[in-house]
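Novice: Pasting a structure below so you can have a look.
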Amino acid sequence: MTQTATYTMDAFLDDVRQVFASSNDPLTQAQAVADHLKELLAVPGWLEERIDLPKEGGFGRKDLHFEEESGHPGPGWLLMCSVQAPGQDNLPHDHGAAWVVYGVYEGAIEQTKWRWFYPGEGVKSPRIKETGRFVQKSGTTAFFLPGEIHNTRNVAGVNGRSLVVRLESQKLDRVTRYQYNPENNSVKIMDR
Ligand SMILES: [Fe+2]
């Protein structure tokens with residue numbers, strides 16, 4: 001019987017190292033990492049081998065790998081998983097000067113994108129407005145470049161949790177970033 005080589009998390013980490021070593025451009029990096037992560041998401045069971053995952057619940061975040069030697073814009077990239085409760089969402093936010101790749105391993109999340117609109121674009125004063133949304137189903141990846149604004153919502157269903165794998169090009173507690181409230185167009189620095 002022919003043995004087919006299976007992509008592993010360790011091989012993925014090597015590929016990410018190679019991406020940081022071969023390009024300084026955030027778009028090139030994020031696209032390449034998203035492609036590699038998509039390949040990893042297609043491998044059944046790899047995540048359960050790395051984290052202790054109960055049959056139900058287990059909500060919260062779990063770090064999978066942190067690496068000090070490379071990253072963007074500064075060193076210290078992070079691979080983590082968030083186990084999201086049904087309906088779990090957050091306010092629009094950016095990731096500062098870092099980029100992030102989101103991959104859905106199980107479940108589904110809705111991604112909503114936002115930007116500032118200014119006078120001349122149909123508003124009287126600066127306003128944060130939605131520019132589009134899409135659903136990320138299991139096995140898919142999406143990335144957000146430095147400064148881009150989005151929010152996520154778990155849409156896996158009434159009792160459905162979502163397992164979301166995220167790669168932060170620099171661990172987000174190392175970058176200054178902002179949260180936006182579309183109700184009153186206020187901005188605040190996110191706690192680190
Ligand atoms: Fe985010």
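Throughout, read-outs are computed from the coordinates displayed, never taken from laboratory work. This structure is a prediction, so every number in the text was calculated from the model and none was measured. Cβ placement follows ideal geometry from the backbone for every residue including glycine, while neighbour counts extend to all protein chains displayed.
Novice: Give the residue from I189, V165, Q29 lying farthest towards the positive end of the charge dipole for the chain; charges sit on Cβ (+1 for Lys and Arg, -1 for Asp and Glu) and the dipole is referred to the Cα centre.
Specialist: I189
Novice: May I pose another question? Quick check: the distance between the Cα centres of the stretch 89-153 and the stretch 1-68, to the nearest angstrom?
Specialist: So the separation of the two Cα centres works out to 22 Å.
Novice: When we measure straight from the Cα of K188, which aspartates and glutamates land under 12 angstrom away, once same-chain ones fewer than 8 places off are left out?
Specialist: K188 reaches D94.
Novice: For R50 and Q18 in one chain, what is 0.36 nm times their gap in residues minus the Cα-Cα distance, to one decimal in nm?
Specialist: Gain on stretching R50 to Q18: 9.3 nm.
Novice: In addition: How many nm separate the modelled label positions at A5 and L27, each set 7 Å beyond the Cα in the direction of the Cβ?
Specialist: Label at A5, label at L27, 3.1 nm between them.
Novice: So, one more: Please go through the stretch 75-135 and write out the trypsin sites (Lys or Arg not before Pro) that DSSP classes as loop and that have at most 15 other C-beta atoms within 10 Å.
Specialist: In loop regions of the stretch 75-135 (DSSP not H, G, I, E or B), the sparsely surrounded trypsin sites (Lys or Arg not before Pro) are K124.
Novice: How many nm separate the modelled label positions at L145 and N185, each set 7 Å beyond the Cα in the direction of the Cβ?
Specialist: Taking the two extended label points, one gets 2.5 nm.
Novice: In addition: Taking the Cα-to-Cβ direction at K38 and at K129 and moving 7 Å from each Cα, how far apart do the two end points lie in nm?
Specialist: Placing both labels 7 Å along Cα→Cβ, they lie 3.1 nm apart.
Novice: OK, next. Just in the stretch 6-67: which chymotrypsin sites (Phe, Trp or Tyr not before Pro) are loop by DSSP and have at most 15 other Cβ atoms within 10 Å?
Specialist: Loop-located and lightly packed - Y7, F59.
Novice: Give me the percent relative contact order of the stretch 9-189, please, defined on Cα pairs under 8 angstrom at least 6 residues apart.
Specialist: On the way: 406 pairs, mean separation 49.9, N = 181.
Averaging sequence separation for qualifying contacts and normalising by length gives 28 percent for the stretch 9-189.
Novice: Taking DSSP loops as anything outside H, G, I, E and B, show the longest stretch in the chain free of GluC sites (Glu not before Pro) there with at most 11 other beta carbons within 10 Å.
Specialist: The longest such stretch corresponds to 122-182.
Novice: Additional query: Springs between alpha-carbon pairs under 10 angstrom, Gaussian network model over the chain: which of I109, I149, I51 fluctuates most?
Specialist: Taking springs between Cα atoms under 10 Å, the residue moving most is I51.
Novice: Please identify the trypsin sites (Lys or Arg not before Pro) of the stretch 36-107 that satisfy two criteria: DSSP loop assignment and at most 11 other Cβ atoms within 10 Å. Which are they?
Specialist: K55
Novice: Right, next: From the P(r) of the stretch 7-135, could you give the percentage of C-alpha pairs in the tail past 25 Å?
Specialist: Values: 3131 of 8256 pairs.
The answer is 38 percent, as a whole percent.
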